[in-house]
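The values are calculated or read from the model by the stated rules, or taken from the named source; none is laboratory data. Just so it is clear, the structure is predicted and the values come from calculations on it, not from any experiment. Here the Cβ positions follow ideal geometry from the backbone for every residue, glycine too, while neighbour counts run over all protein chains shown. Accessible surface is based on the protein model in full, side chains and every heavy atom, while ligands, DNA and RNA are left aside. Shrake-Rupley method; radii C 1.70, N 1.55, O 1.52, S 1.80 Å.
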Amino acid sequence: MRLDIISIFPEYFAPLDVSLIGKARERGTLDVRVHQLRDWTHDVHKTVDDTPYGGGPGMVMKPEVWGEAIDEVIGDGTPRMIVPTPSGRPFTQELAQELAGEPWLLFACGRYEGIDSRVMAEYSTRLRVDEVSIGDYVLAGGEVAVLVMVEAIGRLLPGVLGNAQSAVDDSFAPGSMRNLVEGPVYTKPPVWRGHEVPAVLLSGHHGKVARWRRDEALRRTLRNRPELVAAIDPETLDKHDKKLLEELSFRIAPEDMAN
Ligand code: ADE
């Protein structure tokens, strides 16, 4: 997969040399090219922003410099373009999976109040353009959001994770315990500072381990992400799940309790 990233802070992307993503780049699974937006300015100050039409605080990134940069980076190619912004569609595991199937992604990192909207309008005539938010909080720019997305997408590429099952088991992964976050995990030693590993995990009984993991996933999801439990299709809950949720005082619609 080829990834182009345009930013006024290319230094932000140093972490992409490290760990799984760094190894994927060394192997050639990922071809990451980071570009300095200011290289496409023409004035001595290398200006990339200006005041917003209509007034208001902050600055807006100028369309001309973005146009020149994107034209040169993509040539005649048609990457899928991602613009990180808090006003974009949510970045989810599902979107990460979808983007992991693309051969070429172009990330355009805005700073300040964002990029002049005509840039997105212009490239939408030629490319698939998505404005994407990584969460309901405001960062100082799109760079960190791109790091998050590249890591989430990169680990899904074939051969990037050591253990292919790891990505399948992820919280939110399609086909996993859908809509549940994962429960707690343990390794050796069996007792640490008086804290014992739950006995069932040492039992070697796969059925009981699977049941325990599902119970813990339900408990943790209810505690940390109650809205996910509320969204579960009752059809996907077995009797044991329903009993556990009742014990945890989670109300399932009475008509769904009968099943
Ligand atoms: N830029 C600033 N905040 C952002 C967010 N939450 N997601 C994506 N890009 C951003």
Item checked: Straight-distance crosslink candidates among lysines, where the alpha carbon sits under 20 Å from Lys62 and sequence neighbours closer than 8 are dropped -> Lys46
Item checked: Relative contact order (percent, whole number), the range 26-166, Cα cutoff 8 Å, 6+ residue spacing -> 27
Checklist line | Accessible area of the range 73-117 divided out per residue, in Å², using a probe of 1.4 angstrom | finding: 43
Checklist line | Percent accessible area from carbon and sulfur atoms, the range 1-90, protein chains only, probe 1.4 Å | finding: 53
Notebook entry, point to check: Among 200-208, 222-230, 144-152, 116-124, how do they line up from the highest to the lowest mean number of other beta-carbon atoms within 10 Å?
Noted result: 144-152, 116-124, 222-230, 200-208
Next item on the list: In debye, nearest 20, what is the charge dipole magnitude of the range 1-80 about its Cα centre with +1 on Lys and Arg Cβ and -1 on Asp and Glu Cβ, if you could check?
Entry: 420
Next item on the list: Please report, in whole Å, how far the alpha carbons of the range 29-74 spread along each principal axis, starting with the longest.
Entry: 45, 24, 15
Checklist line | Over the chain: helical MRE at 222 nm, DSSP H runs n ≥ 4 each giving -39500 (n - 2.57), nearest 500 | finding: -10000 deg cm²/dmol
Check: What number, in percent, do you get for the relative contact order of the chain if the mean sequence gap of Cα pairs under 8 Å and at least 6 apart is divided by its residue count?
Finding: 16
Item checked: the chain shape via C-alpha gyration tensor axes, a/c threshold 1.5 -> prolate
Item checked: From phi via Karplus (6.51, -1.76, 1.60), per-residue ³J(HN,Hα) for the range 70-87 in Hz, x at Gly/Pro -> 5, 4, 5, 5, 8, x, 8, x, 10, x, 7, 9, 10, 10, x, 7, x, 9
Checklist line | Label-to-label distance, nm, for residues given as Asp136 and Ser124 (7 Å Cα→Cβ offset) | finding: 2.4
Check: Could you name the aspartates and glutamates in cross-link range of Lys242, using Cα to Cα under 20 Å and dropping any fewer than eight places away on the same chain?
Finding: Glu182, Asp215, Glu216, Glu227, Asp233, Glu255, Asp256
Notebook entry, point to check: In the range 199-259, what percent of the accessible surface is made up of carbon and sulfur (1.4 Å probe, ligands and nucleic acids excluded)?
Noted result: 53
Next item on the list: Over the range 91-144, with every protein chain in place, what whole percent of the accessible area is carbon and sulfur at 1.4 Å, could you tell me?
Entry: 48
Notebook entry, point to check: Is the shape of the range 45-119 best called rounded, prolate or oblate, per the rule: a/c under 1.5 gives rounded, else a/b larger than b/c gives prolate, else oblate, with a ≥ b ≥ c the square roots of the Cα gyration tensor eigenvalues?
Noted result: oblate
Checklist line | Residue-wise HN-Hα coupling along the range 24-31, computed from phi with Karplus coefficients 6.51, -1.76, 1.60 (Hz; x: Gly, Pro) | finding: 4, 5, 4, 6, x, 5, 10, 10
Checklist line | Cut-off under 5 Å, modelled amide H: who pairs with Trp104 long-range | finding: Arg2, Arg80
Next item on the list: Work out from phi, with θ = phi - 60° and the Karplus expression 6.51 cos²θ - 1.76 cosθ + 1.60, the ³J(HN,Hα) of each residue of the range 100-111, listed in order in whole Hz, and give x for Gly and Pro.
Entry: 5, x, 8, x, 8, 10, 10, 9, 10, 8, x, 10
Checklist line | Amide H within-cut-off set for Met59, under 5 Å, with H built and near neighbours excluded | finding: Glu113
Item checked: Extreme residue, positive dipole direction of the range 1-120, given options Leu37, Pro63, Pro90 (C-beta unit charges) -> Pro90
